[in-house]
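I have placed the structure first, in the form of structure tokens, so that the comments after it can refer back to it.
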Amino acid sequence: MRGTGRSLSLCAGLVLSIATVAIICEGGKITVQARCIDSERQALLDFKQGLEDYHNTLSSWTSSEEEDCCQWRGIKCDNKTNHVVVLLLGARRDHRPDNIGHDYSKYFHDFDYYVIEVPESKFGGEIGSSLVKLKSLRHLDLSYNDFSRIPEFIGSLTRLRYLNLGFNPISGTIPSQLGNLTRLRFLALDRADELIADNLEWLPRLSSLTTLKLGTLTLSKPADWLQSIKMAPSLSSLELFECYFPYKVATSSLSHINSSNSLRALVIKHSKFHPTAIPWLLNVSYNLVNLTIKHSEIIGPLPNSFDSMRSLENIDLKSNKLEGGIPKSLGNLCNVKSLDLSFNLLNDTLHLIETLTGCTAKSLEILYLQGNELVGSLPDLSQFSSLKELRLADNKLNGSLAESIGQLSNLEILEVSSNYITGVISKAHLQKLSKLKGLDLSFNSLTLNFESKWVPPFQLFSLKLSSCKLGAPFPGWLQTQVKLINIDISKSGISDNIPDWFYNLTPKLINLNLSFNSFKGILPNFPLRYDIYPVIDLSSNQFYGSVPVSLANASALIISNNSITTFKLFLCTEVSDRPTTFLDLSNNMLSESLPDCWMHLGKLRVLNLENNKLSGNIPSSLGSLDQISTLRLSNNSISGILPSSLKNCSLLRLLDVGQNNLYGEIPTWIGDYLTDLIVLHLKSNRFYGSLPLSLCHLSDIQILDLSLNDLSGVIPRCFHNFTPMIHGVHDSDSSAFVDGIDASYIIDQSRGYGRIFVNYEYITWKGKNYKYDKNLRLLRIIDLSSNKLSGEIPTNLTNLVELVQLNLSRNNLSGTIPESIGKMKLLESLDLSHNQLSGKIPMGLADISFLTFLDLSNNQLWGRIPTGTQLQSFAASDYSENRGLCGPPLNVRCCGDGELQETSTSCETGAGRNVEEDDEEWVDMSWFYMGIGVGFGIGFLGTCGLAWYFNTSWRRVYFNQLLNGRRWRTSKYGARLRRPL
């Protein structure tokens, strides 16, 4: 106690004025803390001057001498030498979903976890050379920023041990000066924009380097980079991301290169190699423990080149294009614990697993073969005594599931979904699997035969039995599974009420899918925890009643295809921080007016209320959904106008309010504010007026359906601004996936992992409605049919060369069909019927080879139908009721050049006649018949003239008739009649 008192007294009276030292007294103890050196403070301030500090992160970096730069954000000094040793301005921070523990992640293998980078700090500008003055700098982290180049002076920071420039938009050549950093242990240059390296000759000079990360790099001399990697003396971990090694590697150029003895981990992702480099990569090091080459388009059979890799423990060749089977040399690797060959093109029988029955069978714990084309039945796996995870989903396996699977006593995950496996699953299959945590038998033809009172030996976290036959009663054995967080028993033939004990399981659930059964009764009031936001799918059952408020904590709630009558209480009850991003109540019996309390669902991104009996106006509060991307209200009885508040929903990609009673002009704000729209569906309402020119601002539109309204005016000539209809949208085009949604997919990011919901749209095709979902993003459609549009078809409409369907039928369009319509090579459906179009059918129409539906009937078209395989294959009714079309498939033969003649109904004067069965070409013989007529007339007149001259009795009779002409009268039809005497 006395010592403590003396220390406190000393602290209280001590005054020390040294610029580089700070004395701190805590708890009676005196500690000396380093203060930064003035020259290094100035160097840091100079470095700050060259930065663009987007978030004002470096506000603590001031020129005040009273400020200790060792206390500045991102700075750490050595307590002994007072020098700056750490400069940390990286912006990365990882987040995982709060409601899924790390231990549970493997049971949700079908969901991809997101690593979310939250920019606590973000910098751009230049990496200033003043850093050279920090002579003792050992740790430099500038990752996740906006720096565009690697400065050459970094090679002067010779004391660096850690250098991280990853996740910057760096481009250009990697400076060879990096080879001067001989003390460097960690170097990250991954996720750059476009790095170039003729070679990696600087790499072997980094004698202390253990970890190297390179990204977005093109290497032009393959033999050199292979040599450099193997010569790096201490390199133990090499990661390559989006690297490109395009050139062939000659075997002779590699013959002198020995395998590395230090490399233990080789990780390659999203890269491209010439196939000649693959054998070398599989033998890069005798001491390799981790070999990962995934998402890299490795093509062909997997080489049998694993004999020398005896230390391998992890092999991950996921998502390539590997074919054939598993090479025999893999079966001799006695240390392998994990083998992932999923999502390739392996097409052998499943007996290829027998290849691994060497010493690999004893060590193997994880085997992933899902997403291939494997066939055959499941072989005996009892030799794999250490196996913990077996994933065989998405193949073509058949036969029954052997009971020997139950001998794998260490098995934790069994996944065989989406195959053709048949038969019965009994207790014998599962009775010894006491460690089982995840079971997925879904999408097979399996029947589960368990007693309702059976008590399984395991406690599952995830159970997926979709499309399995569980029987009509609710499976009672589920009552024992108190740790379940994922349940999918959809399409399982259950016809029962929800038992009371099931409510004890729901508070822990993250995913619940009971859809496509025959569950009965009032919609359950499932108790949910406020901090767990599950996905709940109760669709396609026989639930009725109202939506309970307890479901407000669901992140996705799908109750479509039931008999729900109201949801107002669910919607309008205020619940703090609602997590709901997906709400589907379509195909129910909702008959109320749309509630006006949408402000409670501020996170909603998908709303589907179609096919109900909703009435009233669209409430203005719907415009408060500023995160919404899909809005479906079609096929209801909604009236009124589109409220202007919807313009606040600027992230909308799909808007469908068709088949209602909406009226008014189409608002101009749709084109001015909803510029991200991909699908606009206003079909079958009472919209009137002209088409607003602002619609031309919808540059991302792919489906525009304004049919069955009272629209008038002309078709705008600016529709050629619809970019996807001109250039298309391909899978590699990132613009098709903005904020996790395109025309087909919605990804619920709020849950921390990607759950994909498939969007859809009903398209009228050949007079029938078809549902398009996964192929929706491939469609390009304009439907303006059944309106009162007038004027001509704009010529520049034919610039939409990606258009698949064009329907302008049942309007008042006039003029001709554009001659350039042949440019629309992808047209499959064209309907211009019931208009006032005139002129000939353009010859280019015959060049559209994909055309499967055509209707030009009820117009004023004339002339010969162009000859072409497609056009002659359509029915005659598709050309009927026109002014004068002729030629096949019409039963009307063209006369002459096929042009319409005005004067007669006979073929001689051009209107056409019946086509002979042999369909011979008609020859114009009118000159011949005219000659015969003239000759006959002259001959007849000459003969009568001579008879008149020589026969006097004929002359006497003629004059007698002339004198008695009063005895004749004329009928009203012009005939001469004799009067009665």
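Read-outs: derived from the displayed coordinates by stated rules, not from any lab. Remember, it's a predicted structure, so these values are computed and weren't measured experimentally. For neighbour counting, all protein chains shown are included, and Cβ atoms are generated from backbone atoms with ideal geometry for every residue, glycine included.
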* When the Cα centres of the range 431-479 and the range 818-891 are compared, how far apart do they sit, in Å? -> 59
* Structure fact -> In the neighbourhood of Asn283 defined by beta carbon distances under 15 Å, the net charge of the other residues (Lys, Arg +1; Asp, Glu -1) is +2
* **Centre separation in Å (Cα based) which lies between the range 603-621 and the range 647-703** => 16
* Summing +1 for each Lys or Arg and -1 for each Asp or Glu, what net charge is found among the other residues whose Cβ lies under 12 Å from the Cβ of Val549? -> +1
* Structure fact -> Note: Ser386 to Trp454 extended length (0.36 nm per residue) minus current alpha-carbon separation gives 21.8 nm
* Which cross-chain or sequence-distant (5 or more) residues have an amide H under 5 Å from the amide H of Leu711, H modelled 1.01 Å from N in plane? -> Lys788
* Structure fact -> Between the modelled labels at Ser593 and Lys337 (7 Å from Cα along Cα→Cβ) the distance in nm is 6.5
* Structure fact -> Candidate cut points under trypsin sites (Lys or Arg not before Pro) in the range 828-893, DSSP loop plus at most 14 other Cβ atoms within 10 Å of their own Cβ, are Arg883
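Could you order peptides 395-407, 556-568 by the average number of other Cβ atoms within 10 Å of their residues, highest first?
Values: 395-407: 17.7, 556-568: 20.4.
Ranking, from highest mean packing down: 556-568, 395-407.
Determine the gain in length on full extension of the stretch Asp577-Asp496; use 0.36 nm per residue of separation and subtract their C-alpha separation, reporting nm with one decimal.
Working: separation 81, 0.36 × 81 = 29.16 nm, distance 3.41 nm.
Roughly 25.7 nm would be gained on extension.
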* When only DSSP loop residues count, what chymotrypsin sites (Phe, Trp or Tyr not before Pro) in the range 798-877 have their Cβ near at most 13 other Cβ atoms within 10 Å? -> Phe850
* Structure fact -> Between the modelled labels at Ile726 and Ile299 (7 Å from Cα along Cα→Cβ) the distance in nm is 3.4
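Taking the Cβ of Ser712 as the center, what net charge do the other residues with Cβ under 14 Å away carry, scoring Lys and Arg +1 and Asp and Glu -1? It would help to have the intermediate numbers written out before the result.
Working: positive: Arg686, Lys788, Arg810; negative: Glu665, Asp710.
Spelling it out: positives minus negatives among the neighbours equals +1.
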* Simple label model, 7 Å out from Cα along Cβ direction - Arg159 to Ser644, nm -> 6.6
* Which FRET efficiency, nearest 0.05, do Glu819 and Arg686 yield, Cβ-Cβ r, R0 41 Å? -> 0.70
